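Notes follow the structure.
The values are calculated or read from the model by the stated rules, or taken from the named source; none is laboratory data. Note that the structure is predicted; figures quoted are calculated from it, not measured. Counting neighbours? That spans all protein chains shown, and the Cβs are built from the backbone with ideal geometry, glycine included. Just so you know, the surface numbers come from the protein's heavy atoms only, side chains and all, with ligands and any DNA or RNA stripped out. Shrake-Rupley method; radii C 1.70, N 1.55, O 1.52, S 1.80 Å.
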Amino acid sequence: MGESVLVTGGAGFIGRHVARALLARGDRVRVLDSLIAQVHPTRTRPDELAPDVELLIGDIRDEAMVGRALEGVDSVIHLAAEVGVGQSMYAVDRYTSVNDHGTAVLFQRLIDRPVRRVVVASSMSIYGEGLYRTADGTPMEDVVRGARNPDGSWDPLDSHGRPLIPVPTPESKRPALRSVYAIGKYVQERLTLTLTAQYGMEGTALRLWNVYGPGQALSNPYTGVLAIFASRIANGQRPMIFEDGRQRRDFVHVGDVARAVLLALDQPAANGEVFNIGSGEDRTVEEVARLQAASMGRPDLTPGVTGQARAGDIRHNIPDLSKARTVLNYEPRQDFAGGLAELAEWVARQEARDRVAEARSELKARGLVA
């Protein structure tokens, strides 16, 4: 007989996939989710949430509701969070309340009702800029990028004015918290690892890269970049890209992330550890936008490169997956072309409202786009 697992934020994109994976192996799944309108416009149970999942509609900051959600639970997967670097820079109180205080409320109840293990979703954003090296091969860990370079380029430079070269970022890199969202995700993982160790539980944190796949919130302009691009393309609009489009990212399929979460829940050696979770392949954002437009049958919708910077954004960050491969036995399976095709097929059956211009206006009005 499997465990009883609580998934906070489990009605969301990643949570629904995790819930299905848990059910498939015989676990019992309870979800606590507030169904916020930005992610769930109808505020009703998502069709894609498996029918065998017990859904409690409530706020992670509601101590009584959290206590109810923990009744009879063996382990917790903590996904509940406000998500979005850009929006976090002006909705500061909301992001801090949900991500920081919400996690504190969860652990306040866990002190009295401990579980076997808590797995928390952290983020690659806590690293700030990823690891770099100079043209001479010298590692550069604490890179802080300023404004656009005098020659119009965007890459961080070494002391001789040469572009630094991005290299895979290991978990040992020191955090460089560049956004309110990054601060909150770091708080979530530190609270998890600190308090599970103190109160006889186990804890694991997964630093997720850019997650994509069917089920993303297409009408949420602060969600993952592939969902934002998909919404634009589905509405006959060009995907819009900040800076010059050559910033590099790793895009990991939600199915691989769900498997990683289950591995983190089960693997004894994962206790007390943090792991990077990505695909192991990095691409420029412009390349990704072109591939996605082609996968949706609109290769004519070439990316619009804005030449603007957005507060809190980093230039390059790609994951070193060595630790996840060694300790978790994690291996990404979904190739990018197949993942894009699957996403395109799913998007074709959805209705997506393009709210990118609205989001950009919000950021610009607050001086967060330059």
* **Inter-site label distance for Glu141 and Asn329 at 7 Å from Cα along Cβ, in nm** => 3.2 nm
* Structure fact -> Treating only Lys and Arg (+1) and Asp and Glu (-1) as charged, each at its beta carbon, one finds that the chain has a dipole about its Cα centre, in Debye to the nearest 20, of 420 debye
* Point-charge dipole on Cβ atoms (K/R +1, D/E -1) for region 72-211, about Cα centre, debye to 20 -> 220 debye
* To do: Would you mind checking which residues have amide H under 5 Å from Glu3's amide H? H placed 1.01 Å from N; only 5 or more apart, or other chain.
  => Arg28
* Asked: For the chain, which whole-number percentage of the solvent-accessible area (1.4 Å probe, protein heavy atoms only) is attributable to carbon and sulfur atoms?
  -> 49 percent
* Asked: Probe 1.4 Å, all protein chains in place: accessible area of Ile183 in Å², nearest 10?
  -> 80 Å²
* Let me have the relative contact order for region 1-139, percent, based on Cα pairs under 8 Å that are six or more residues apart. => 25 percent
* For region 229-244, 3J(HN,Hα) per residue [Karplus equation, 6.51 cos²θ - 1.76 cosθ + 1.60, θ = phi - 60°, Hz, x = Gly/Pro] -> 4, 4, 5, 4, 5, 4, 9, x, 10, 5, x, 9, 10, 6, 6, 10
* To do: Identify, among Val85, Val254, Gln308, the residue whose Cα sits farthest towards the positive end of the charge dipole of the chain, taking +1 on the Cβ of Lys and Arg and -1 on the Cβ of Asp and Glu, with the dipole about the Cα centre.
  => Gln308
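What is the sum of charges, Lys and Arg at +1 and Asp and Glu at -1, for the other residues whose Cβ falls under 10 Å from the Cβ of Arg162?
On the way: positive: none; negative: Asp136, Asp155, Asp158.
For residues surrounding Arg162, the net value is -3.
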* Taking every DSSP beta bridge that has both residues in the chain, what percent is antiparallel when rounded to the nearest 5? -> 20 percent
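Using a/c under 1.5 as the rounded threshold, could you call the chain rounded, prolate or oblate? The axes a ≥ b ≥ c are square roots of the C-alpha gyration tensor eigenvalues, and prolate needs a/b larger than b/c, oblate otherwise.
Numbers: a/c = 1.63, a/b = 1.32, b/c = 1.24.
Taking the square roots of the gyration eigenvalues as a ≥ b ≥ c, the chain is prolate.
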* Quick one: pull the percentage of alpha-carbon pairs in region 1-76 with a separation above 17 Å. => 38 percent
* Provide the per-residue ³J(HN,Hα) series for region 160-177, in order, calculated from phi with Karplus coefficients 6.51, -1.76, 1.60 and θ = phi - 60°, each as a whole number of Hz, with x at glycine and proline positions. => 9, x, 8, x, 6, 9, x, 10, x, 9, x, 5, 6, 5, 5, x, 9, 7
* Structure fact -> In the neighbourhood of Pro139 defined by beta carbon distances under 14 Å, the net charge of the other residues (Lys, Arg +1; Asp, Glu -1) is -3
* To do: May I ask you to evaluate 6.51 cos²θ - 1.76 cosθ + 1.60, the Karplus curve with θ = phi - 60°, for each residue of region 269-280 and list the ³J(HN,Hα) values in order in whole Hz, giving x for glycine and proline?
  => 6, 7, 4, x, 10, 10, 9, 6, 10, x, 9, x
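From Cα pairs below 8 angstrom and at least 6 apart in sequence, can you work out the relative contact order of the chain, rounded to a whole percent?
Numbers: 772 pairs, mean separation 65.8, N = 370.
18 percent.
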* So what is the accessible area of the chain per residue, in Å², with the probe set to 1.4 Å? -> 41 Å²
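Which shape class, rounded, prolate or oblate, goes with region 160-253 when its Cα gyration tensor gives a ≥ b ≥ c as root eigenvalues, a/c under 1.5 marks rounded, and past that a/b bigger than b/c marks prolate?
Oblate, since a/c reaches 1.5 and b/c is not below a/b.
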* Cα centroid distance between region 247-310 and region 83-156, in Å? -> 16 Å
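For every other residue with a beta carbon closer than 14 angstrom to the beta carbon of Leu35, add +1 if it is Lys or Arg and -1 if Asp or Glu, then tell me the sum. List each step's numbers first, then the result.
Values: positive: Arg16, Arg43, Arg45; negative: Asp33, Asp47, Glu48, Asp59, Asp62, Glu82.
Residues close to Leu35 contribute a combined charge of -3.
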* Structure fact -> Gyration tensor on Cα atoms of region 111-192, a ≥ b ≥ c root eigenvalues, a/c under 1.5 rounded, else prolate if a/b beats b/c, else oblate, says prolate
